[in-house]
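S.K.: First the structure, then my questions, so here it is.
Since every read-out is calculated from the coordinates, none of them should be taken as a lab result. Not measured: the values here are computed from a predicted model. As a convention, Cβ positions derive from the backbone with ideal geometry for all residues, glycine included, and neighbour counts pool all protein chains shown.
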Amino acid sequence: MPNLIDLPGEVIVTPEDFVMKIRKSVINENQVLYRDLFENTPIDSATDPYWINAKNLFGSLKHDQRDIFLEVIRQTSIDTASNLLGIIDGVNSIDDVNGDFLLTYDGGDEPLNGDLQSIFLVEEERSSR
């Protein structure tokens with residue numbers, strides 16, 4: 001299976017490493033991607049009705065409102081990643097799921113989960129200063 005978040009092979013991955021890679025790939029790189037898509041994709045190249053509506057909305061906004069719109073997308077990504085990490089850690093629950101999750105990295109002996117959400121939120125707080 002391809003390594004989607006660019007974790008090095010044959011290396012011990014710590015929870016901090018995992019969270020940093022999640023932040024880089026899911027939050028930071030996607031933020032750049034969304035900005036580029038909204039700012040540079042011609043509306044006439046869009047075929048999906050959802051995307052057409054989103055592009056039209058974005059196009060109707062003033063410059064400062066566009067920045068706010070993109071920050072809302074970023075914050076939504078942060079909240080979603082945090083909630084998912086909380087589920088993996090066992091801090092947040094899912095209806096009708098009563099067991100514990102165990103996240104390991106191929107070749108590692110120690111579970112990665114337990115503090116992922118906390119590490120993620122601390123790093124987000126640190127980077128927003």
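S.K.: About its Cα centre, how strong a charge dipole does the chain have in debye, to the nearest 20, once Lys and Arg get +1 and Asp and Glu get -1 at the Cβ?
M.R.: Dipole about the Cα centre, nearest 20: 680 debye.
S.K.: Here's a follow-up. Please report Val13, Val97 as a ranked list, fewest other C-beta atoms within 10 angstrom at the top and most at the bottom.
M.R.: Val97, Val13
S.K.: Taking other Cβ within 10 Å of each residue's Cβ, how do Ile52, Ile87 sort, fewest first?
M.R.: Ile52, Ile87
S.K.: Which residue, Tyr105, Tyr50, Tyr34, tops the fluctuation ranking in a GNM of the chain built on C-alpha contacts under 10 Å?
M.R.: Tyr50
S.K.: Please find, in a Gaussian network model of the chain (springs between Cα atoms separated by less than 10 Å), the residue of Thr41, Thr104, Thr80 whose mean-square fluctuation is greatest.
M.R.: Thr41
S.K.: Considering only the other residues whose Cβ falls under 10 Å of the Cβ of Ala81, what net charge follows from Lys and Arg at +1 and Asp and Glu at -1?
M.R.: -1
S.K.: Something else about it: In whole Hz and in residue order, list the ³J(HN,Hα) couplings for segment 74-83 that follow from phi through the Karplus curve 6.51 cos²θ - 1.76 cosθ + 1.60, θ = phi - 60°; x for Gly and Pro.
M.R.: These are the phi-based 3J(HN,Hα) values: 4, 5, 4, 5, 4, 4, 5, 4, 4, 4 Hz.
S.K.: Going by alpha carbons, how many degrees (0 to 90, nearest 10) lie between the helix axis of 30-40 and the longest principal axis of the chain?
M.R.: Tilt of helix 30-40: around 10 degrees.
S.K.: On to the next question. Given a 10 angstrom Cα cut-off, can you work out which residue in Gly107, Gly90, Gly99 is the most mobile in a GNM of the chain?
M.R.: Gly99
S.K.: Can you put Lys24, Lys62 in order of Cβ neighbours within 10 angstrom, beginning with the fewest?
M.R.: Lys62, Lys24
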